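> Below: one structure in structure tokens.
The values are calculated or read from the model by the stated rules, or taken from the named source; none is laboratory data. What you see is a predicted model; the values in this text were computed from it and never measured. Reconstructed Cβ throughout: ideal geometry from the backbone, glycine too, with neighbour counts over all protein chains shown.
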Amino acid sequence: MKKAGRKIGIGLFFILIFLSSHFAQKGETAFSLSVTPYEGGYDLRFGRITPELVRVNKEVIVNIFSDIAKPYRVTQTLLEPLSTTEGNTIPVGNFTVYGLRGTNKYGTLNVEQEFPVTLNRQIIYTSNQTGAADSFTLVYSLMANPDIAPGYYRGRIGFTLEPINAEQSPVTVILNISVEFKADAAIEIKTSAGKGIFLNPADPQSSVSAVEFKIKGGFGKQFRISQVLSDQPISSEGNLLDWEAINFLGQGAQKGIVVNNPVALSAQPQIIYTSSPRGEPDDFVILYRLGDLSRQKAGNYRTKIKYILEGISFAQTRLIETLDLQVENPRVFELLVTPETGGLIQFRDIKPSQAPKTQEIIIQVKTNIARAYQVNQNTASLLTNKEGKVIPSRYFFLRQESLDTKGVLKHIDKTEIKEGQMVLFVSDQKGSADKFKVIYELIPASDLQPGDYSTVFTYSVSEI
């Protein structure tokens, strides 16, 4: 259904381009408007709404084409309020509209905040100064109210494309609206965080997010609930979060069947619940959890999840609710040294002309900042005993070994250790997390004073 709606919107936009070309060949200007429900068709149909359903959202795609090279605006007016043949009407405030931020390309969407649809003329969009063609999406919402009388309601909204400081004639398009209010079955969705799913691995309270589903009344026939992600989660830097980074699991259903094994999110629609054959009332919870984020870049990732009701033995598909999904992946850039000795390297009971002595450490860098870095070692002093006797640097060495290392080890061959700073490692260009081994070797000289010798290394990691 989503693809079909988008295709209709795109198709209408190309028709407008074709008409513009046609007008241009005749020396005429093009100044046109189309208003298309997201789910297709020519009327905005909300279907059946019950008091328990709380809210139903429907999207409308508005396409404008203009080559008059003058600014313009689009207004809306409720020409006929939603009402029944018996004269019942929808209360003010129960029928609202807002624009989806970012769906327009050039002009200003004047309705990013939700407000009631009224009989008054309302400016919903203003073009840029050159009057460029544009499109945007409006979301109309109907809220159930126990005071709304059951019945079939119809209404009309007029959309007018008006030139600003130009002689072009305005263009008006009418959109018919219909909805049935009936005290019937309903599905209620809520989360502990309001209208969203928020996950953060650094916050124990946000490591799991629960979405509660309450199926009230009875549908009488079998149905299922699917979830559809509008897009792959993306950060403000443009990085995509892998689908496997989030999984979900259902629990608590008594009458129907809820997904009961952890499943990763997907670009495809996913069935999360199938009702009993009679569509009986039920309650269940979907738990969203974070998977392994070690390979994911730091950032605040966002998308939206739409929950869709689909009839199995009856023809009905409708949007139940849309929730924001947000994953905050904190910045990680840390250095781990194993064993944890605080950088102390110690050789005990050293005697002249002994066989070489070695000490090993493993250095690991955990990072998700996606920037190249290097690991440094700073030597404050050479190996020294408690009497202050120093072993010359020509007897003290280090070398490195790979542990499936992706970056560049700077001392594969044995290297003399001197006071000061040494670069041990340079990451790959992606700044991948990495680890490697450092082996320190002491060769006791023949004139060595026996005893215990030690030094302290300071390790650091820094961006390049």
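> Limited to the stretch 217-257, what total is found for residues that are part of a strand (DSSP E or B) and more than 25 Å from ASN200 (Cα to Cα)?
Number satisfying all stated conditions: 4.
Residues are listed down the side, and each one gets a yes or a no for (1) over 21 Å from ILE68 (Cβ atoms); (2) free of Cβ contacts under 8 Å to residues at least 40 places away in the same chain:
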residue: LEU100; (1), (2): yes, no
residue: THR103; (1), (2): yes, yes
residue: GLU114; (1), (2): yes, yes
residue: THR126; (1), (2): no, no
residue: SER135; (1), (2): no, no
residue: ALA144; (1), (2): yes, no
residue: ARG156; (1), (2): yes, no
residue: THR160; (1), (2): no, no
residue: VAL173; (1), (2): no, no
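> For the stretch 351-372, how many residues are farther than 23 Å from SER462 by Cα, in contact with a Phe, Trp or Tyr (Cβ under 6 Å, 6 or more places away or on another chain) and not charged (D, E, K, R)?
Summing the residues that are farther than 23 Å from SER462 by Cα, in contact with a Phe, Trp or Tyr (Cβ under 6 Å, 6 or more places away or on another chain) and not charged (D, E, K, R) in the stretch 351-372 gives 1.
> Out of (1) surrounded by 13 or more Cβ atoms within 10 Å (Cβ to Cβ); (2) modelled with pLDDT under 95; (3) more than 18 Å from the chain's Cα centre (by Cα), what's the single condition that is false for LYS297?
If we test LYS297 against (1) surrounded by 13 or more Cβ atoms within 10 Å (Cβ to Cβ); (2) modelled with pLDDT under 95; (3) more than 18 Å from the chain's Cα centre (by Cα), just (3) comes out false.
> I need the full set of residues from the stretch 393-409 which are surrounded by 12 or more Cβ atoms within 10 Å (Cβ to Cβ) and assigned to a loop (DSSP other than H, G, I, E, B), in order please.
LEU403, THR405, LYS406, GLY407
> Exactly one of (1) part of a loop (DSSP other than H, G, I, E, B); (2) in contact (Cβ under 8 Å) with a residue 60 or more places away in the chain is unmet by THR75. Its number?
Only one criterion in (1) part of a loop (DSSP other than H, G, I, E, B); (2) in contact (Cβ under 8 Å) with a residue 60 or more places away in the chain is unmet by THR75, namely (1).
> Another question, then. Whether any residue in the stretch 97-119 is of a type in the set (Lys, Arg), within 24 Å of GLU321 (Cβ to Cβ) and surrounded by fewer than 19 Cβ atoms within 10 Å (Cβ to Cβ) is what I want to check.
yes
> Here's something else I'd like to know. Looking only at the stretch 437-461, filter to residues that are assigned to a strand (DSSP E or B) and aliphatic (A, V, I, L, M); which one of those is nearest to GLN374 (Cα to Cα)?
VAL461
> Among the numbered conditions (1) assigned to a strand (DSSP E or B); (2) closer than 30 Å to ASN376 by Cβ, tell me where GLU340 comes up short.
Among (1) assigned to a strand (DSSP E or B); (2) closer than 30 Å to ASN376 by Cβ, the lone unmet condition for GLU340 is (1).
> Moving to a separate point now. Answer yes or no as to whether ILE246 is in contact with a Lys or Arg (Cβ under 8 Å, 6 or more places away or on another chain) and aliphatic (A, V, I, L, M).
Spelling it out, ILE246 is indeed in contact with a Lys or Arg (Cβ under 8 Å, 6 or more places away or on another chain) and aliphatic (A, V, I, L, M).
> Which members of the stretch 116-129 meet the condition of being part of a strand (DSSP E or B) and over 18 Å from VAL35 (Cβ atoms)?
PRO116
> Please determine whether any residue of the stretch 436-446 is of a type outside the set (A, V, I, L, M), surrounded by fewer than 14 Cβ atoms within 10 Å (Cβ to Cβ) and out of contact with any strand residue (DSSP E or B) (no Cβ under 6 Å at 6 or more places or on another chain).
So far as the stretch 436-446 goes, yes, one or more of its residues are of a type outside the set (A, V, I, L, M), surrounded by fewer than 14 Cβ atoms within 10 Å (Cβ to Cβ) and out of contact with any strand residue (DSSP E or B) (no Cβ under 6 Å at 6 or more places or on another chain).
> Could you look through the stretch 30-73, keep only residues that are among the acidic types (Asp, Glu) and crowded, with 18+ Cβ neighbours inside 10 Å, and pick out the one that is farthest from the chain's Cα centre (by Cα)?
GLU39
> So, TYR395, is that one more than 17 Å from LEU336 (Cβ to Cβ) and either of a type in the set (S, T, N, Q) or at pLDDT 95 or above (or both) or not?
For TYR395, the condition - more than 17 Å from LEU336 (Cβ to Cβ) and either of a type in the set (S, T, N, Q) or at pLDDT 95 or above (or both) - is met.
> Related question: Starting from the stretch 263-286, take each residue that is in a loop (DSSP other than H, G, I, E, B) and list its partners that are buried (at least 21 other Cβ atoms within 10 Å of the Cβ) and modelled with pLDDT under 95, counting only C-beta distances under 6 angstrom and pairs at least six apart or across chains.
Hits for this filter: SER275/PHE223; GLY279/PHE219; GLY279/PHE223; PRO281/ILE215.
Per-residue answers, yes or no, for (1) at pLDDT 90 or above; (2) of a type outside the set (Val, Ile, Thr):
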{"position": "LEU12", "(1), (2)": "no, yes"}
{"position": "GLN25", "(1), (2)": "no, yes"}
{"position": "VAL62", "(1), (2)": "yes, no"}
{"position": "ASP67", "(1), (2)": "yes, yes"}
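> So which residues in the stretch 372-386 are assigned to a strand (DSSP E or B) and either in contact with a helix residue (DSSP H, G or I) (Cβ under 7 Å, 6 or more places away or on another chain) or more than 20 Å from HIS411 (Cα to Cα) (or both), if there are any at all?
Hit for the stretch 372-386 is THR384, nothing else.
> I want to confirm something. Restricting to the stretch 332-383 and keeping residues that are exposed (fewer than 12 other Cβ atoms within 10 Å of the Cβ) and of a type in the set (Lys, Arg), which single residue is farthest from GLN400 (Cα to Cα)?
LYS351
> Quick one: in the stretch 220-253, of everything that is out of contact with any strand residue (DSSP E or B) (no Cβ under 7 Å at 6 or more places or on another chain) and surrounded by 15 or more Cβ atoms within 10 Å (Cβ to Cβ), which residue is farthest from GLY291 (Cα to Cα)?
Taking the candidates together, the pick is GLN222.
> Residues of the stretch 44-101 being of a type in the set (S, T, N, Q) and under 30 Å from GLY311 (Cα atoms), which ones?
THR50, ASN57, SER83, THR84, THR85, ASN88, THR89, ASN94, THR96, listed by residue number.
> Select, from ILE363, ILE412, ILE369, the only residue that is assigned to a loop (DSSP other than H, G, I, E, B), of a type in the set (A, V, I, L, M) and closer than 15 Å to LEU335 by Cα.
Just one listed residue meets the conditions, ILE369.
> Among the residues of the stretch 191-198, is there at least one that is of a type outside the set (Val, Ile, Thr), in contact (Cβ under 8 Å) with a residue 12 or more places away in the chain and closer than 24 Å to PHE95 by Cα?
Within the stretch 191-198, one or more residues are of a type outside the set (Val, Ile, Thr), in contact (Cβ under 8 Å) with a residue 12 or more places away in the chain and closer than 24 Å to PHE95 by Cα.
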